[in-house]
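So the structure is just underneath, and the comments pick up after that.
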2 protein chains.
Amino acid sequence: MAIAIALLAGGACGAASTARSIVSQESRMPTNAGVIASEKLKLKPIPVSAVKMGDGFWKARMDANHERGLPALLKRLEDHGVIDNFMLASGRKKVERKGPYFSDSDLFKWMEGAAWDLISYPDPKRKAQLNRVIDEVVAAQQPDGYLNTFFQGELANQRFRNLPLEHELYCAGHLFQAAVAHHRATGEDKLLECACRYADYLTTAFGPGKRQETDGHPEIEMALVEIYRATGKREYLNLAGFYLSTLEPEYGPKLKGHAVRALYTLCGEADYYAETGREVSKEIIDRQWKDLVSTKMYVTGGVGARGQGEAIGEPYELPNEQAYSETCAAIASVMFNYRMLAVHGESKYADEMERALYNGMLAGVSLSGDAWFYVNPLAEHGGRQRQEWWGCTCCPTNMVRMLASLPGYMYSVSDEGVWVHLFDDSKVTYHLADGTPFTLKQKTKYPWDGSVEITVGLDAPKEFTVFIRRPSWSSPSFVVGFDGLKLGEACRSNGYEAIRRTWKPGDVIKVEMDMSARLIECDPRVRENLGSVAVQRGPVVYCAESVDNPTAVIRDLEIASNEFESVFDAGTLGGVVKLTGRGRTPMDPNGDRAPLYRQLGRALGEDYARMHQVPLVLIPYYAWANRGPSQMTVWMPYRQ
Amino acid sequence: MAIAIALLAGGACGAASTARSIVSQESRMPTNAGVIASEKLKLKPIPVSAVKMGDGFWKARMDANHERGLPALLKRLEDHGVIDNFMLASGRKKVERKGPYFSDSDLFKWMEGAAWDLISYPDPKRKAQLNRVIDEVVAAQQPDGYLNTFFQGELANQRFRNLPLEHELYCAGHLFQAAVAHHRATGEDKLLECACRYADYLTTAFGPGKRQETDGHPEIEMALVEIYRATGKREYLNLAGFYLSTLEPEYGPKLKGHAVRALYTLCGEADYYAETGREVSKEIIDRQWKDLVSTKMYVTGGVGARGQGEAIGEPYELPNEQAYSETCAAIASVMFNYRMLAVHGESKYADEMERALYNGMLAGVSLSGDAWFYVNPLAEHGGRQRQEWWGCTCCPTNMVRMLASLPGYMYSVSDEGVWVHLFDDSKVTYHLADGTPFTLKQKTKYPWDGSVEITVGLDAPKEFTVFIRRPSWSSPSFVVGFDGLKLGEACRSNGYEAIRRTWKPGDVIKVEMDMSARLIECDPRVRENLGSVAVQRGPVVYCAESVDNPTAVIRDLEIASNEFESVFDAGTLGGVVKLTGRGRTPMDPNGDRAPLYRQLGRALGEDYARMHQVPLVLIPYYAWANRGPSQMTVWMPYRQ
């Protein structure tokens, strides 16, 4: 895989690439001097192919994704006619077109996932599957480059008839991302050439003096920056800028509207800033990031309060049982926070990326890897289950590409050295900015255990900095030891421990984090969480699920104590640390505690006196609903 | 008005009537012995015409409704073509049909309101307006009795094509209710005869062996019971029973679905029970009432958590800012609770009726009487305003008929005596069950003041019971004095003080209620209210509005003390008691109090130390948004 520079799914930037390219050096030279340097990024991404996951937390998820998620989803895409649609468009098969107008994008997202997956699991069968799909997709392309199965049959003369609603550019974007991923994973050009033909067509159709409009569902923007990075063709970057400027008049100062669209827009702005340094883009991403994390984000990192319009709500509107928190929005938040991290080099962005990864995003997929939630409530009193398919199957296809590309989110490099953002058993093999090869090997049982051992590999001693993230939840317990010494505060930089020295091959850095369960409170302006707490252990948010708490009605459960026992249970839910503590519920689990409304304090003591003490068992939120229909809650009342 | 026995808008029962009737005695005799006795009701309604409102709280609302609400709404109905639609149907005018398919119902509801209004305000101009409208409606009726302007033009052959969605029977129901009100208010038959022709047609079209279906929006059921009461025609009652039995398979054990439809169904079941004693109906109303008041009702008496489907939510799903709480649903709750009160004779139903009247319902109309809310949130951070018209204008038309019929909700009679449910300056002139005439005159400034003086009027001494409601919020302060004595607990009956004696003309009963402001807490399962309190004074729920609290951001406001000063301010909001107390907000009104999520208790003391103490001014919730765009909240954090 040496020739592939694999960047992230919709990755934030490109680095010097040795991959053979469909574009000549000449075509790149005028603007990019042969490489796309993403100069405005403080931290440069490390390719997916440079990181090999060890036997840790995320590897288990990637295994499930590889072994069950990707093949199951391919079968379901085939069963639902999504591939047949391309064969219809190419004339290879006589069928009726099936599925929603944006179903092409689902196949493209699966292709992107399959491409990233090939890096960690070089499986010839998967590769053959992917090649077959690529063949069908490419065969369906129109001579002028256009490619969208919904508008190639009876509606062939109605291209772009309704961009606000019909997602043609959104589909195109996912094709481009799949193509770049495939190119980076395999070095092959077939799909990238197809994508470029379509992108070239778009540059002739849209822009100043041409059609002045963009898609109702952003996605094309970051995809165009990505295909620019892969090819060096400036027109793609310019078209991304045009689409962004067309979207911007709708921006207010605040994050609003459809959660996934809003976050994809911000990813596009961040990518555009990375390549151009455009200040307007930076102002937008900074302002809206602050609005997101301070008023519109769940403790799980989920985003999107409302089912209606799949929308972000008012500030502090974060209902738990009625949460929408679409899986795609949590994925988009990971993507956006990763880009912000690359732009700013500050740990607060990695904190939010980690929050979304372990909680809001991961809850979207079953432990088996082949069933998915679309909506992720933080309290459930019915018995909601993950499904193998959704009529709008955007979330499953988003999940498979995110999990397959996950190694790319763990480390970065900068002029100063190497950055460790996420903790997991893994090894990165890459080079410093000056070209010096290095490896970092993490040995850890994180997030179940707070010890991380990082071994530096070098050909020869070399001075540079290793930046190790101090998760905000770990403060003040976080300790980094090196060479028998503990480091002081002086070494901290933007939320990272910055260890600068002349590293020798085999040097070991030891990190210790206190993994006690912590009670988390919420800004009181989120009225639904006032008086309640969530429980977090390390980066993992916990919940009470009915399976483990048979003596209580989940809706009634209160936390009676802030002390928990943590025990790793290898046999439960794929291996988790369970928390055991003390809870409280009304005497009569189905009965009246008191009238719905009453004068404050009247008989309050009596109420508490007649409440049951019950054992309280908590499991990671991401693992809920893996043992049949159940009830669940993250936030529970707690009286200090 | 002696010949009119005016019952409620959609009233729960009929009493012995001396009104001339369009049906002969013969047609009534077989089943009703000449009168409809509503035998299953413990409490018999007193006609609207028997109650004259004094110079009190509700009279001011009725005046606004009479002087501005009814005429403004008639003009807007005309401007929107709602009357023209009837002229089109009758061939009197060549126009295009305008408005939604159910717009006929809006005119019928206005007509019902105008009819009740004539009782309290015998205004010849209003009567002429109503007669003109009646003339247009009757002229539009088809020869077979059918009447619906949406299905009399091009769609004439498509009657009842889509009952679940197109509301034909709903419209018919409002015609019947308007007709009964008009008949009771004026003794005239023209509209009632029109309604009967339509009802007769329905009896030929629907029922066992005929069309087996009912409307998606209940309303016809209670209307048919009402027209049965007015005419004695048993077929109408039977048809109501048929429609109810058609609806019932959709009932679960819990109240659910569209809030107004659910509550109208319950009104129909209660009315049907009143006339038939059918146990199934009673079980439904009892079970669902309990579910309503214990898990699905706002502290304002509002009902309906969700905009989507205008629906009741899950148990304890009662968001404040996102509340739907449609004005029509609060009106429906008043109607339903009044019926439950008549069935059971227990004060808890009157308590809920009063709660909805003073709060959830009354907030739906401006102080001027001619602008209306459709949605009634319990917190507003934008600047929502009442409007003069809504595309679906159900709420304004519902409000005008409710306010005009309000005198009918204050008193009842039973075999034992007279019942006082609501306190307001007023005089009832009626007769006991045995025919003995009496008057009760209430002198009070309720709800601003807790003193009520009730003077008994009789031709001669007479033994009977006066039942005076003890509002649940007044406990334990409620004191009834009579003849210099205070009554003991022994006299309490179903939440009423039951004073049995031989009453003499001029006897005076004195009621004293403690009107201190009280902090109200909510069942902790309504997570959005946990840790917060509402403030209630008497039956009136209060709120903080930005107009009165310029030093705070309403969303940030907390209550710092449980002590309030109450001052009646005649010059504000039509005259209200304002509450003044102490609040608290963050130092920086627009800034960060703390991260959205953080470890519990960390720096909590510091947070409170750096909060501003601010004066807190509260006004009645019903009066909010009468001084321009504003922010508002009912529930506010409070730390005991």
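One table, with the values for the structure above:
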{"item": "Residue list for segment A:42-69, restricted to those being under 14 Å from A:Val365 (Cα atoms), surrounded by 18 or more Cβ atoms within 10 Å (Cβ to Cβ) and in contact with an Asp or Glu (Cβ under 6 Å, 6 or more places away or on another chain)", "result": "A:Trp58, A:His66, A:Gly69"}
{"item": "Of residues in segment A:296-319 being in a helix (DSSP H, G or I) and in contact (Cβ under 8 Å) with a residue 40 or more places away in the chain, the one nearest to the other protein chains (Cβ to nearest Cβ)", "result": "A:Gly309"}
{"item": "Filtered residue count, segment B:322-344, keeping only those that are farther than 20 Å from B:Val413 by Cα and either basic (Lys, Arg) or modelled with pLDDT of 95 or more (or both)", "result": "11"}
{"item": "Hits in segment A:561-574 - residues which are in contact (Cβ under 8 Å) with a residue 12 or more places away in the chain and surrounded by fewer than 21 Cβ atoms within 10 Å (Cβ to Cβ)", "result": "A:Ser561, A:Asn562, A:Glu563, A:Glu565, A:Ser566, A:Val567, A:Phe568, A:Thr572, A:Leu573, A:Gly574"}
{"item": "Hits in segment B:494-548 - residues which are of a type in the set (Gly, Ala, Ser) and either within 25 Å of the chain's Cα centre (by Cα) or over 30 Å from B:Leu43 (Cβ atoms) (or both)", "result": "B:Gly495, B:Ser516, B:Ala517, B:Gly531, B:Ser532, B:Ala534, B:Gly538, B:Ala544, B:Ser546"}
{"item": "Scan of segment B:369-415 for residues that are without any contact (Cβ under 8 Å) to a residue 40 or more places away in the chain and closer than 28 Å to B:Ala342 by Cα, ordered by number", "result": "B:Asp415"}
{"item": "Criterion violated by A:Pro471 - all others in (1) within 30 Å of B:Glu317 (Cβ to Cβ); (2) within 14 Å of another protein chain (Cβ to nearest Cβ); (3) in contact (Cβ under 8 Å) with a residue 40 or more places away in the chain satisfied", "result": "(1)"}
{"item": "Qualifying position, being closer than 30 Å to B:Val533 by Cβ, of a type in the set (Asp, Glu) and out of contact with any helix residue (DSSP H, G or I) (no Cβ under 7 Å at 6 or more places or on another chain), among B:Glu346, B:Glu416", "result": "B:Glu346"}
{"item": "Helices (runs of 4 or more DSSP H) fully within segment B:78-150 counting 1 or more residues that are surrounded by 17 or more Cβ atoms within 10 Å (Cβ to Cβ), in contact with a Cys (Cβ under 7 Å, 6 or more places away or on another chain) and polar (S, T, N, Q)", "result": "B:103-120"}
{"item": "Given (1) in a helix (DSSP H, G or I); (2) closer than 18 Å to A:Ala114 by Cβ; (3) not β-branched (Val, Ile, Thr), index of the condition A:Ala172 fails", "result": "(2)"}
{"item": "Close pairs (7 angstrom Cβ cut-off, 6 or more residues apart or separate chains): within 17 Å of B:Leu378 (Cα to Cα) and facing another protein chain (nearest Cβ under 7 Å) in segment A:522-534, part of a helix (DSSP H, G or I) and of a type in the set (A, V, I, L, M, F, W, C) anywhere", "result": "none"}
{"item": "Counted residues, segment A:252-287 - those being in a loop (DSSP other than H, G, I, E, B) and either in contact (Cβ under 8 Å) with a residue 60 or more places away in the chain or more than 23 Å from the chain's Cα centre (by Cα) (or both)", "result": "5"}
{"item": "Selection status of A:Ser333, crowded, with 23+ Cβ neighbours inside 10 Å, in a loop (DSSP other than H, G, I, E, B) and either among the basic types (Lys, Arg) or in contact (Cβ under 8 Å) with a residue 12 or more places away in the chain (or both)", "result": "no"}
{"item": "Some residue of segment A:491-511 being charged (D, E, K, R) and within 14 Å of chain B (Cβ to nearest Cβ)", "result": "no"}
{"item": "Enumeration of residues in segment A:320-361 that are more than 30 Å from A:Gly417 (Cα to Cα), hydrophobic (A, V, I, L, M, F, W, C) and away from chain B (no Cβ under 14 Å)", "result": "A:Cys328, A:Ala329"}
{"item": "Out of A:Gly575, A:Gly538, sole residue that is touching a Ser or Thr at 6+ places or on another chain (Cβ under 9 Å), within 14 Å of A:Pro620 (Cα to Cα) and not hydroxyl-bearing (Ser, Thr, Tyr)", "result": "A:Gly538"}
{"item": "Evaluation of A:Thr276 against (1) within 20 Å of A:Arg229 (Cβ to Cβ); (2) polar (S, T, N, Q); (3) within 14 Å of chain B (Cβ to nearest Cβ) (one fails), failing number", "result": "(3)"}
{"item": "Residue count for segment A:550-589, restricted to those that are assigned to a loop (DSSP other than H, G, I, E, B), of a type outside the set (D, E, K, R) and more than 11 Å from every other protein chain (Cβ to nearest Cβ)", "result": "14"}
{"item": "Tabulated pairs, segment B:219-238, first more than 15 Å from B:Glu193 (Cα to Cα) and surrounded by fewer than 24 Cβ atoms within 10 Å (Cβ to Cβ), second of a type outside the set (Gly, Ala, Ser) and modelled with pLDDT under 95, C-beta under 7 angstrom, 6+ apart or interchain", "result": "B:Arg234/B:Thr31"}
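To keep it simple, each residue is scored yes or no on (1) farther than 16 Å from B:Phe57 by Cβ; (2) within 14 Å of chain A (Cβ to nearest Cβ); (3) in contact with a Gly (Cβ under 7 Å, 6 or more places away or on another chain).
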site: B:Gly417; (1), (2), (3): yes, no, no
site: B:His421; (1), (2), (3): no, no, no
site: B:Asp424; (1), (2), (3): no, no, yes
site: B:Thr439; (1), (2), (3): yes, no, yes
site: B:Lys443; (1), (2), (3): no, no, no
site: B:Asp459; (1), (2), (3): yes, no, no
site: B:Lys462; (1), (2), (3): yes, no, no
site: B:Val480; (1), (2), (3): yes, no, no
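The values are calculated or read from the model by the stated rules, or taken from the named source; none is laboratory data. Since this is a predicted model, take the numbers as computed values, not measurements. A quick note on method: Cβ atoms are made from the backbone with ideal geometry, for glycine too, and the neighbour counts reach across all protein chains shown.
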